1. I'm trying to understand the selection: among the residues of the stretch 537-553, which are of a type outside the set (A, V, I, L, M) and open to solvent by less than 80 Å² (accessible area, probe 1.4 Å)?
2. If you take the residues in the stretch 271-323 that are touching a Leu at 6+ places or on another chain (Cβ under 8 Å) and of a type in the set (Val, Ile, Thr), which one is farthest from residue 411 (Cα to Cα)?
3. Does residue 337 fit the bill of being within 24 Å of residue 400 (Cα to Cα) and either surrounded by fewer than 23 Cβ atoms within 10 Å (Cβ to Cβ) or modelled with pLDDT under 95 (or both)?
4. Kindly establish whether residue 356 is farther than 18 Å from residue 405 by Cα and either in contact (Cβ under 8 Å) with a residue 12 or more places away in the chain or surrounded by fewer than 24 Cβ atoms within 10 Å (Cβ to Cβ) (or both).
5. Failed condition for residue 225, given (1) buried (at least 16 other Cβ atoms within 10 Å of the Cβ); (2) closer than 24 Å to residue 143 by Cβ, with all others met?
6. Restricting attention to the stretch 402-418, which residues are assigned to a strand (DSSP E or B) and open to solvent by less than 10 Å² (accessible area, probe 1.4 Å)?
7. In the stretch 224-252, how many residues are out of contact with any strand residue (DSSP E or B) (no Cβ under 6 Å at 6 or more places or on another chain) and of a type outside the set (Lys, Arg)?
8. Would you pick out the residues in the stretch 228-249 that are of a type in the set (Val, Ile, Thr) and either open to solvent by less than 60 Å² (accessible area, probe 1.4 Å) or under 30 Å from the mean Cα position of the chain (by Cα) (or both)?
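The values are calculated or read from the model by the stated rules, or taken from the named source; none is laboratory data. In this text the structure is predicted, and so the values were computed from the model without any measurement. Virtual Cβ from ideal backbone geometry, glycine too; neighbours counted across all protein chains shown. Note: accessible area is taken over every heavy atom of the protein model, side chains too, but ligands, DNA and RNA are not part of it. Shrake-Rupley method; radii C 1.70, N 1.55, O 1.52, S 1.80 Å.
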Amino acid sequence: MAGLLPTATSAAADVDPRVGLGAGWLDAQSAISGLEQTAHRDRPEGFFNPTNPGSGSFLNSDLAFSGNYAFSGNYNGFNIYDISTGGNPVLKTSVVCPGGQGDLSVYGNLLFMSVEETRGRIDCGTQGASGTVNLERFRGVRVFDISDIDHPVQVAAVQTCRGSHTHSLVTSENEPENVYVYVSGTAGVRSGQELAGCANTAATDPATSLWRIDVIRVPLAAPQNAAVVSNPRLFTDPVSGAINGLQNTPPTPQHPSGTNWSPQPVTNQCHDITAYPEIGLAAGACAGNGILIDISDPTNPTRIDAVSDPNYAYWHSATFNNDGTKVIFTDEWGGGSGARCRTTDLPSWGANSIYDIVGGKLVFRSYYKLAPPQTTQENCVAHNGSLIPIPGRDVMVQAWYQGGLSVFDFTDSANPREIAFFDRGPVSATSLVTGGFWSAYWYNGHIYGNEIVRGFDAFKLTPSQWLSQAEINAATAVKLDRFNAQHQPKLTPGLSLAATAQARCVGTSAHLAVTAVNNGTVPASVTLTTPYGVKTFAAVAPGKQAYQSFNTRTGQLAAGSVNVTGTATVGGQQVAASHDPAFTAVSCA
């Protein structure tokens, strides 16, 4: 790695408002720019310890989305929020099922949940599972049927040797009847007496449970038959055949900061794998390396490329840009519980690294790290985020634990820039209590964040010098049926078109006035269709309107509706929108 490349420029003024915020569990001061916080929901009863807000048994973890619901993971189970109103989430269902981390994914009527702690039980019981070997213990991936959103039912529980710290869904157009789950286990290997076949042995043992991932196949029509079908060795040296073929020792005796490595950048596992099925690739953040993976055969993924970085303590997560030409990797230096955004911490430590994909190879371009320093009472490092579908730009929102959330533009891979943020003060003014945003994701016009000890937050973008209202409208027009951060979808541009219809009298004749406003970023062709005529406008400019008053040639007009359609080319893709605005009856006699 050739020195330090530029990091982001803060959207804030000379004195960043995030510096010096007052502390508090549920009453900390906050700072915001380019966003509006539309709601906050505290963790519900049963999902926090009021005498110990940072208790590791009740931490909020990752998020998933499907339809009008957000699924909030927690070390003690999960909560489901109704987000049909967007910015005003309502708690719908809570399920107690301990085991941590509780990372979630959703596909159809199935909810997948990662479990790695030894207290996890097959039956979701709260009494734990004591002893070195316990046949009632569960560590792996749970599968719930959520077709009755009020009463999720566990239908499968697939055990793995290292549990499931995280997992990733992988789909294939060649196998629409199945969904695959790539399991990333980072905990210790369990006893073979507890789960047959588990082996905590050296890389010379071809049966070792280290240096691999686990692949679960889930038949959608029979999820109860979910089972491990392969254990790909993604770290194998192609020349020697050694399964520990990537980084096996830290690059230097100590981290560049002069402290001990934490965690250890040693590649015998992946922490996160982000699959992008539309392009047939996945990106793996695998402790000591970032890797690019061919997933065209979901059962047998293969490594295409691997990179390392002497500044990285722990390759943690990955996100592609929408074109699939870039990957952002994160470094979870300190493991997420350490203060790693201090004034003494360089912008290449605990940061994002931005890579272009060139000829199937990962090419480093720059680092991006949260600009304002955080206190020693705030755990802070790069964590989970997602793309925001701004046409023609690469924009991402990301959680930084107690560093808050940051929205940044990486269209220029070498010069990322922050364009919006939200931050709270420390949970405690006197000690480091683990907290902050675990994840922050864009979904159907809003940004949702899972705050580890404070609850669930909703935001929306606001216009600024970095982002126009038209761009926000265009992003809001992009609608998804579901979203899982590690099952990255292709974001298809939308057309932001607003339409109204009004019946009115002109003398004794009823007229129907139809208006369509192009709230997007490019010109659009707009057609107004009524029972009394059709009018097409070839190129309605952004921010402008198409208007036509249709003479019904009658004095009485019953209530009804009209049709307004629009088409445009956004980012090289043809997009369309259709609305059926209603109008009330009018009598002009």
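1. To start, the set of residues in the stretch 537-553 that are of a type outside the set (A, V, I, L, M) comprises 537, 542-545, 547-553.
Matches in the stretch 537-553: 537, 542, 543, 548, 549, 550, 551, 552.
2. 302
3. Values: within 24 Å of residue 400 (Cα to Cα): yes; either surrounded by fewer than 23 Cβ atoms within 10 Å (Cβ to Cβ) or modelled with pLDDT under 95 (or both): yes.
When the stated conditions are applied, residue 337 passes them.
4. On the way: farther than 18 Å from residue 405 by Cα: yes; either in contact (Cβ under 8 Å) with a residue 12 or more places away in the chain or surrounded by fewer than 24 Cβ atoms within 10 Å (Cβ to Cβ) (or both): yes.
Considered against the rule, which asks whether it is farther than 18 Å from residue 405 by Cα and either in contact (Cβ under 8 Å) with a residue 12 or more places away in the chain or surrounded by fewer than 24 Cβ atoms within 10 Å (Cβ to Cβ) (or both), residue 356 comes out as yes.
5. So the condition that residue 225 fails would be (1).
6. We begin by selecting, within the stretch 402-418, every residue assigned to a strand (DSSP E or B); these are 405-409, 417-418.
Correct list: 405, 406, 407, 408, 418.
7. Applying the first criterion (out of contact with any strand residue (DSSP E or B) (no Cβ under 6 Å at 6 or more places or on another chain)) to the stretch 224-252 yields 227, 232-233, 235-245, 248-252.
Now restrict to residues that are of a type outside the set (Lys, Arg): 227, 232, 235-245, 248-252.
Summing the residues that are out of contact with any strand residue (DSSP E or B) (no Cβ under 6 Å at 6 or more places or on another chain) and of a type outside the set (Lys, Arg) in the stretch 224-252 gives 18.
8. From the stretch 228-249, those of a type in the set (Val, Ile, Thr) are 228-229, 236, 239, 243, 249; that's our starting set.
If the condition is that a residue be of a type in the set (Val, Ile, Thr) and either open to solvent by less than 60 Å² (accessible area, probe 1.4 Å) or under 30 Å from the mean Cα position of the chain (by Cα) (or both), then 228, 229, 236, 243 are the ones that fit.
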